[in-house]
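Down below is the structure, laid out as structure tokens.
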Amino acid sequence: AVGARALFWPQLGGIQGSSFLESEEVHPGMLVLVSEDRRRPELEGMVGIVRKSYGAPEYLAVDVELEDGQLELFWFYQLDAPNTDALTHSVAFYDGG
């Protein structure tokens, strides 16, 4: 596609040991792990990148672009920071742009 950009998604080999996030730590561009989603349990364990945040720190919601390309809204407490020691390599990801 003309003007397409390739992003690179880290492959997380056996995500073990993620870190609990405080709302003040969450920022656009940050790599996150979906730790809890009772309405959509199929999203648990997916990796994504924070694209935008909304609200005050105590009620922070964030748009996360997941590894399959879908954009989902989460509360900050539904996300963890993946253990970066588990990063193994990157694979190409098309961002549609």
**OP:** Would you tally the net charge around Glu42, using a Cβ to Cβ cut-off of less than 15 Å, leaving Glu42 out, and scoring K and R as +1, D and E as -1?
**Re:** -3
Original post:
Which shape class, rounded, prolate or oblate, goes with the range 18-86 when its Cα gyration tensor gives a ≥ b ≥ c as root eigenvalues, a/c under 1.5 marks rounded, and past that a/b bigger than b/c marks prolate?
Top reply: rounded
**OP:** Collect residues whose amide H, placed 1.01 Å from N in the peptide plane, falls under 5 Å from the amide H of Glu67; neighbours closer than 5 in sequence don't count.
**Re:** Val47
Original post:
Tyr54: net charge of surrounding residues, Cβ under 14 Å, Lys/Arg +1, Asp/Glu -1, itself excluded?
Top reply: -1
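Read the figures in this text as sums done on the coordinates, not as results from a lab. All figures in this text were calculated on a predicted structure; none of them were measured in a lab. So basically every Cβ, Gly included, is an ideal-geometry build from the backbone, and we count neighbours across all protein chains shown.
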